[in-house]
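See below for the structure under consideration.
Please treat every number below as a calculation from the coordinates, not as lab data. Here the structure is a predicted model, which means the values were calculated and not measured. Because the Cβ atoms are built from the backbone with ideal geometry, glycine has one as well, and the counts that use them run over all protein chains shown.
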Amino acid sequence: MALSRLLLLFMVASELRDAETTPIEFVCNKGARRAINIVAELESALSECYGSTTLSTPVQLPCTELHVASWENKSDQEKRGDIVASLKLLVESVKVFKAQSQPGCAASLLQRLENNINNYLLILTHLQLSGPAVSPGLSCVPRSTQSLSTVLLNYNQLISGKLERFVINLEDRCNSN
């Protein structure tokens, strides 16, 4: 009982640093963006989950494909909507898996992944953008996998690809703050 409370306290404490990043800090500070991306930590922890890398039910993957020409033609609102839709797809799929799974290494990693996705969603949804609001929409037909390492790989591709490119395009706002 005490060990599980200690583990829970550690998980909450390790995620708190991510929640303190404001949207403008996230845009203007590459170090803040690196700090919130915990995929490397999750991949390292996954290597210690012996036999838990295959999930019992499929998890839907985010849209990671990036066609530069079409991406550059989208408004900031559309880009954010694309990323938010992919993050929501993944977080909902993770929640479904967690509800059906037993506690263990994979469930613990997925809880940390869910917390991290929610941090990104909070930042993106509170980021002030000009222009008309756009409903989030997926830019692909989602695929699914039962491989936890594939989930983490695709999540990392979304964060280091579309999200990073989106944020770099917003860096001109940093000089005015």
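By the scheme Lys and Arg +1, Asp and Glu -1, what is the net charge of all other residues having a beta-carbon under 14 Å from that of Glu48? Mind dumping the intermediate values first?
On the way: positive: Arg112; negative: Glu41, Glu43.
Value of the local net charge: -1.
Lysines near Lys74 by alpha-carbon distance under 19 Å, same-chain residues fewer than 8 away left out - which ones?
Lys162
Amide H of Leu55: which non-local residues (sequence gap of 5 or more, or other chain) have their own amide H closer than 5 Å, using H built in the peptide plane?
The answer is Ser147, Leu148.
Please give the length that would be gained between Ser47 and Val68 if that part of the chain were fully extended, namely 0.36 nm times their separation in residues minus their C-alpha to C-alpha distance (nm, one decimal).
Details: separation 21, 0.36 × 21 = 7.56 nm, distance 3.33 nm.
Value of the extension gain: 4.2 nm.
Using only DSSP helix segments of four residues or longer, with each worth -39500 (n - 2.57), what per-residue ellipticity at 222 nm results for the chain after dividing by its residue count and rounding to 500?
Dividing the helical sum by the residues of the chain leaves -19000 deg cm²/dmol.
Among Ala69, Ala45, Ala133, whose mean-square fluctuation peaks in a Gaussian network model of the chain (Cα, cutoff 10 Å)?
Residue with maximal mean-square fluctuation among Ala69, Ala45, Ala133: Ala69.
What ³J(HN,Hα) values, in whole Hz, does the Karplus curve 6.51 cos²θ - 1.76 cosθ + 1.60 give for segment 158-167 when θ = phi - 60°, with x put for Gly and Pro?
5, 5, 7, x, 4, 5, 5, 5, 4, 5
Grab the beta carbon distance between Glu25 and Ser144, set R0 = 35 Å, and tell me the FRET efficiency rounded to 0.05.
For R0 = 35 Å, the calculated efficiency reads 0.55.
With the dipole of the chain worked out from charges on the C-beta (+1 for Lys and Arg, -1 for Asp and Glu) around the Cα centre, which of Ile159, Asn73, Leu42 lies farthest toward the positive end?
So the residue furthest toward the plus end is Leu42.
Do you know the relative contact order of segment 59-149, to the nearest whole percent, from alpha carbon pairs under 8 angstrom that are 6+ apart?
54 percent
Is segment 107-147 best put as rounded, prolate or oblate by its Cα gyration tensor, with a ≥ b ≥ c the root eigenvalues, rounded for a/c under 1.5, and otherwise prolate when a/b is larger than b/c, oblate when not?
Taking the square roots of the gyration eigenvalues as a ≥ b ≥ c, segment 107-147 is oblate.
With viscosity set to 1.306 mPa s and temperature to 10 °C, compute the Stokes-Einstein D of segment 30-149, Rh being the Kirkwood radius across alpha carbon pairs; µm²/s, no decimals.
Calculated translational D: 102 µm²/s.
Mind checking the angle between helix 2-19 and the chain's longest principal axis? C-alpha axes, 0 to 90 degrees, to the nearest 10.
Once rounded, one gets 10 degrees.
So, with +1 on the Cβ of K and R and -1 on the Cβ of D and E, and no other charges, what is the size of the charge dipole of the chain about its Cα centre, to the nearest 20 debye?
With only Lys, Arg, Asp and Glu charged at Cβ, the dipole is about 200 debye.
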